[in-house]
Amino acid sequence: MQKFIVFDGVVMPLDRANVDTDAIIPKQFLKSIKRSGFGPNLFDEWRYLDHGEPGRDNFGRPLNPDFVLNQSRYQGAQILLARENFGCGSSREHAPWALEDYGFRAIIAPSFADIFFNNCFKNGLLPIRLDVDKVDALFKAVETNVGYKLAIDLEQQTISAPDGKVYKFEVESFRKHCLLNGLDDIGLTLQHVHEIKAHEAKHRAAQPWLFA
Amino acid sequence: MKAQTLYDKLWNAHVVRQEADGTALIYIDRHLVHEVTSPQAFEGLKLAGRRLWRTASILAVADHNVPTTGRAQGISDPIARLQVETLDSNCAEFGVNEFKMNDVRQGIVHVIGPEQGATLPGMTVVCGDSHTSTHGAFAALAFGIGTSEVEHVMATQCLLMKKSKAMQVVVEGALHKGVTAKDIALAVIGKIGTAGGTGYAIEFAGSAIRGLSMEGRMTVCNMAIEAGARAGMIAADDTTINYLKGRPFAPQGEVWDKAVAYWNTLHSDDGARFDQVIKLDAASIRPQVTWGTSPEMVVAVDGRVPDPSTMSDAVKRDAAARALQYMGLVANTPITEINIDKVFIGSCTNARIEDMRAAAAIAKGRHIAANVKLAMVVPGSGLVKRQAEQEGLDKIFIAAGFEWREPGCSMCLAMNDDRLSSGERCASTSNRNFEGRQGQGGRTHLVSPEMAAAAAIAGHFVDVSKL
C-alpha cells in the first residue's frame, strides 16, 4: 500500500448528499476480477452521456460537460470535497479502488458510510470528517477560487488552506499508524497468531457446534 | 454483573485482543463468499503465499452475476462468466465448500446461509456484501466487509475493528393487515434517515418484532444497512430455535441441546444501556412506498409525493428536487396515481418462501395490468423455488402473467441481464432505489412483496390493505 505523506492537491467539489457506491462505480464494472483500472469509470453515469460497459474503450465517449469531473479547472484533482453520508450503499471496495485509481488521495465530507470509510483506509485513501460549517466554507472557497488547493498533513492531522486557515481533523491512531507507514493489515494481524489460536481453542471448547 | 446488550454479549465473546485506542481483533465464525467481492481476495492470498486459516468456516455461492433464465446454456456474458468461473476455480483450489450454479441449494448468499443453518445464534458472520446484516436476525453479529477484509478474514479468521455504539429500535403493538416486516424497515429508515444508524449496531426489539417470523426478521435486519448501520440484530427466542432445528449445518443431538441453552442467553439484559433508543408504534405503520432515490425518501401508500419547496433544510431540498427530476415525478401527486412499467419480486430482502406466499396470495385469480411490461418473481434460492413449486405458487404467478425465474440477485442490482431501461418505473421488493441501481435511468420504488404484487395487478400503486 502507498504510504500517505504530506501532500497538497487540487480540490474537486461534489455538491450532493448521500453519494452512494452505485454512483461511484456502477455495478457492471464489478464483473472485473482485478483491483485496478476502475478510474476511467469513476462516476460513470454522471460523467458520460452514454452507457458504459466493462471492456469498452472509454476514450472518445461523450462527456457530460455539467459534471465537475469534466471541468477543466478540476483536472488533476487529488482531494474530493463531498457532502453527508458519502459512500453509502454497498460494501464494494471497487468504490475506493476507482477513486484511488482516478488519482484521489483524500475525501473531505461531514460524514461517511461506515463500510466505505473503512475500505478507504485499506487502500491508502484518507477519508476526513469535518464539521458541516467547515465543509460549507470549503465549498464556497473552491467555487470562488480556480485551482483551489489544500495541503493535508496526516502526521499533524491538519488541513491547511491558502488563506492561512488550518483545520484540525480526527483519525484513529491505529489507522493513522497503518496509513503513515503503508502497513499491511494481514501481516500485522499475523503477528498475533498465538493469541488467535488461544482464542479459537477457548471458543471451540465453549461452542463446539461452531467448528463442526 | 453489569447488564449487557445483545451486542455486548456477541462482541465480548469474540474479542481476541485490543489495542490501546480500542481497535480490537475480532474472531469470525462464518465467512460467506460470493463471486463479485472475492476474486481479488483470493488473488491477494496467492500472491502473498498465504493459506486459508479455517476453510470450513467458508461457504461460497455465485449469486450476483447468474442468469435467471436458460441456466442450461451457461452464462452468455463472457465477463460475468469469467467471474463465476474464477469463484469455482478458487473454491476448488482452496478446498472451499461451494454451491455451484446448477446445485438446488444455490441462491442468494443471504438466503442460503440461514436456510442451510450455516448462520447460527452467537456467531460472527461476515461477507463481502453490505446486506450481511440480514443474518443478525438470528442473534448473530453479522456485517458486510470490503474485499481487503475478505482477504484478511481468509488469512487470519479475524477482523480489525472498533466497537460501534448501540442503538435499540423498539416496535411495539400489532401490525395492521397488509403491513409487513418490509414496511417496518422502511418506516424506521423514514424516521431516522439513511445515515441515522451510521456508527451504530441496531438491535430491533418490541412485541411487533418478536411477532415476526424468521423470514420477516431477516427482512428487517437486511435493511439495517439502509439506515446506515453495519449490523442489525434480534434476540434469539423459540422462533429462532424452531427455524434452525434440523437444518443441514445446525448441530444435532446433545450438542443441539447445549447450543440451545447458550442461545437462550442471547438477548439484551433488563436494564442494559443503549446509546440511543428509537420507538415506533406498530399500529401507526401503513404500507410504505419510496418516491425518491434514497430509501429514506419514503411515504405511506395513502400519502403524496412531497414538495421540495416546503423543505427547510437546503441539502434535503436539493436532494428531493433532484430525486423528483430523476424519478419523473411531480410534487403532491398521490402515490396511488403513479403508474408502473415493471415489477420485481425478489432479492435478499424479500425472496424467501414467506415472501413468495404473500405475493402469490395477492396474485391468485387475478392478472397483471396491461401497462405492466414485465412482472418477474425471482426466488431467493433453489430450495425456495422448489418449495414454492410444491405449493403450486409458480402456477399462480404464471397464470397471473408473472414470470417465474431461477434464483439469484437479479434485478435488485441488475448485474445480470435483468434490468430496467432508461425511464422505466418499477415496483421492487429490493432494498435500494439509488439512481441507476436497477439499470441506468431506471426508476425504483421500494415496497413489500404484497404491495409489489398488488401494483402489478392494478398497474399502479394501491393500498394492499384495502384489497
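The values are calculated or read from the model by the stated rules, or taken from the named source; none is laboratory data. On a predicted model such as this, the values are computed, not experimentally measured, just so you know. Here the Cβ is made from the backbone with ideal geometry for all residues, glycine too, and neighbour counts use every protein chain on show.
Every residue, every condition in (1) of a type in the set (Val, Ile, Thr); (2) under 19 Å from residue A:90 (Cα atoms), yes or no:
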{"position": "B:94", "(1), (2)": "no, no"}
{"position": "B:104", "(1), (2)": "yes, no"}
{"position": "B:112", "(1), (2)": "yes, no"}
{"position": "B:115", "(1), (2)": "no, no"}
{"position": "B:119", "(1), (2)": "yes, no"}
{"position": "B:127", "(1), (2)": "no, yes"}
{"position": "B:132", "(1), (2)": "yes, yes"}
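Residues that are closer than 21 Å to residue B:371 by Cβ, in contact with a Lys or Arg (Cβ under 7 Å, 6 or more places away or on another chain), touching a residue at least 24 places away in the same chain (Cβ under 8 Å) and acidic (Asp, Glu) do not occur anywhere in region B:391-407. Scanning region B:135-158 for residues that are over 17 Å from residue B:34 (Cβ atoms) and either acidic (Asp, Glu) or assigned to a strand (DSSP E or B) (or both) turns up B:141, B:158. Can you name the strands (runs of 3 or more DSSP E) wholly within region A:139-198 that have at least 1 residues being touching a residue at least 12 places away in the same chain (Cβ under 8 Å), facing chain B (nearest Cβ under 10 Å) and closer than 30 Å to residue B:47 by Cα? The strands (runs of 3 or more DSSP E) meeting that bar number zero. Quick one: in region A:30-71, which of the residues that are of a type in the set (A, V, I, L, M) and under 23 Å from residue B:421 (Cα atoms) is farthest from the other protein chains (Cβ to nearest Cβ)? Filtering first and then ranking leaves A:63.
Within region A:117-138, being in a loop (DSSP other than H, G, I, E, B), surrounded by fewer than 21 Cβ atoms within 10 Å (Cβ to Cβ) and among the basic types (Lys, Arg) holds for no residue.
Results for (1) in contact with a Pro (Cβ under 8 Å, 6 or more places away or on another chain); (2) crowded, with 24+ Cβ neighbours inside 10 Å, shown as yes or no for each residue.
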position: A:63; (1), (2): no, no
position: A:66; (1), (2): no, no
position: A:71; (1), (2): yes, no
position: A:76; (1), (2): no, no
position: A:84; (1), (2): yes, no
position: A:89; (1), (2): no, yes
position: A:95; (1), (2): no, yes
position: A:99; (1), (2): no, yes
position: A:115; (1), (2): no, yes
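Looking only at residues in region A:1-13 that are out of contact with any Lys or Arg (no Cβ under 7 Å at 6 or more places or on another chain) and surrounded by 21 or more Cβ atoms within 10 Å (Cβ to Cβ), the one that is nearest to residue A:112 (Cα to Cα) is A:13.
The residues of region B:263-288 that are over 25 Å from residue B:429 (Cα atoms), assigned to a loop (DSSP other than H, G, I, E, B) and not hydroxyl-bearing (Ser, Thr, Tyr), listed by number, are B:264, B:266, B:267, B:269, B:270, B:271, B:272, B:273, B:274, B:275. The set of residues in region A:77-94 being touching a helix residue (DSSP H, G or I) at 6+ places or on another chain (Cβ under 9 Å) and either more than 9 Å from every other protein chain (Cβ to nearest Cβ) or part of a strand (DSSP E or B) (or both) consists of A:77, A:80, A:81, A:82, A:86, A:87, A:88.
Yes/no per residue for (1) away from chain A (no Cβ under 14 Å); (2) over 28 Å from the mean Cα position of the chain (by Cα); (3) surrounded by 15 or more Cβ atoms within 10 Å (Cβ to Cβ); (4) outside any loop (DSSP other than H, G, I, E, B):
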site: B:299; (1), (2), (3), (4): yes, no, yes, yes
site: B:306; (1), (2), (3), (4): yes, no, yes, no
site: B:309; (1), (2), (3), (4): yes, yes, no, yes
site: B:312; (1), (2), (3), (4): yes, yes, no, no
site: B:318; (1), (2), (3), (4): no, yes, yes, yes
site: B:323; (1), (2), (3), (4): no, no, yes, yes
site: B:332; (1), (2), (3), (4): yes, yes, no, no
site: B:336; (1), (2), (3), (4): yes, no, yes, yes
site: B:343; (1), (2), (3), (4): yes, no, yes, yes
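Scanning region B:275-293 turns up one or more residues that are out of contact with any Ser or Thr (no Cβ under 9 Å at 6 or more places or on another chain) and within 12 Å of chain A (Cβ to nearest Cβ).
A quick yes/no check of all residues on (1) closer than 16 Å to residue B:220 by Cβ; (2) surrounded by fewer than 24 Cβ atoms within 10 Å (Cβ to Cβ); (3) touching a residue at least 40 places away in the same chain (Cβ under 8 Å); (4) of a type in the set (Gly, Ala, Ser):
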| residue | (1), (2), (3), (4) |
| --- | --- |
| B:107 | no, no, yes, yes |
| B:110 | yes, no, yes, no |
| B:126 | no, no, yes, no |
| B:156 | no, no, yes, no |
| B:161 | no, yes, yes, no |
| B:172 | yes, yes, yes, no |
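Of all residues in region B:163-210, those that are part of a loop (DSSP other than H, G, I, E, B) and away from chain A (no Cβ under 14 Å) total 9.
Filtered by the rule that a residue be assigned to a strand (DSSP E or B) and either within 9 Å of chain A (Cβ to nearest Cβ) or loosely packed, with under 15 Cβ neighbours inside 10 Å (or both), region B:14-33 gives B:15, B:16, B:17, B:18, B:25, B:27, B:30. When region B:211-255 is limited to residues that are outside any loop (DSSP other than H, G, I, E, B), over 30 Å from residue A:117 (Cβ atoms) and touching a helix residue (DSSP H, G or I) at 6+ places or on another chain (Cβ under 7 Å), the one that is nearest to the other protein chains (Cβ to nearest Cβ) turns out to be B:255. Which residues, taken from region A:1-29, are within 26 Å of residue A:183 (Cα to Cα) and either facing chain B (nearest Cβ under 8 Å) or part of a strand (DSSP E or B) (or both)? Within region A:1-29, A:7, A:8, A:9 meet the criteria.
Let's see how each residue does on (1) over 30 Å from residue B:45 (Cβ atoms); (2) in contact with a Pro (Cβ under 7 Å, 6 or more places away or on another chain); (3) among the aliphatic types (A, V, I, L, M):
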{"residue": "B:150", "(1), (2), (3)": "no, no, yes"}
{"residue": "B:163", "(1), (2), (3)": "no, no, no"}
{"residue": "B:175", "(1), (2), (3)": "yes, no, yes"}
{"residue": "B:194", "(1), (2), (3)": "yes, yes, no"}
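All but one of (1) assigned to a loop (DSSP other than H, G, I, E, B); (2) under 27 Å from the mean Cα position of the chain (by Cα); (3) crowded, with 18+ Cβ neighbours inside 10 Å; (4) more than 9 Å from chain A (Cβ to nearest Cβ) hold for residue B:52; which doesn't? Answer for residue B:52: the failing condition is (2).
Taking (1) in a loop (DSSP other than H, G, I, E, B); (2) hydrophobic (A, V, I, L, M, F, W, C); (3) surrounded by 14 or more Cβ atoms within 10 Å (Cβ to Cβ) in turn, residue B:11 satisfies each apart from (1). Exactly one residue among B:36, B:66 is more than 11 Å from chain A (Cβ to nearest Cβ), at pLDDT 95 or above and assigned to a loop (DSSP other than H, G, I, E, B), and that residue is B:66. Of the listed requirements (1) part of a loop (DSSP other than H, G, I, E, B); (2) surrounded by 14 or more Cβ atoms within 10 Å (Cβ to Cβ); (3) without any contact (Cβ under 8 Å) to a residue 24 or more places away in the chain, residue A:209 misses just one: (1).
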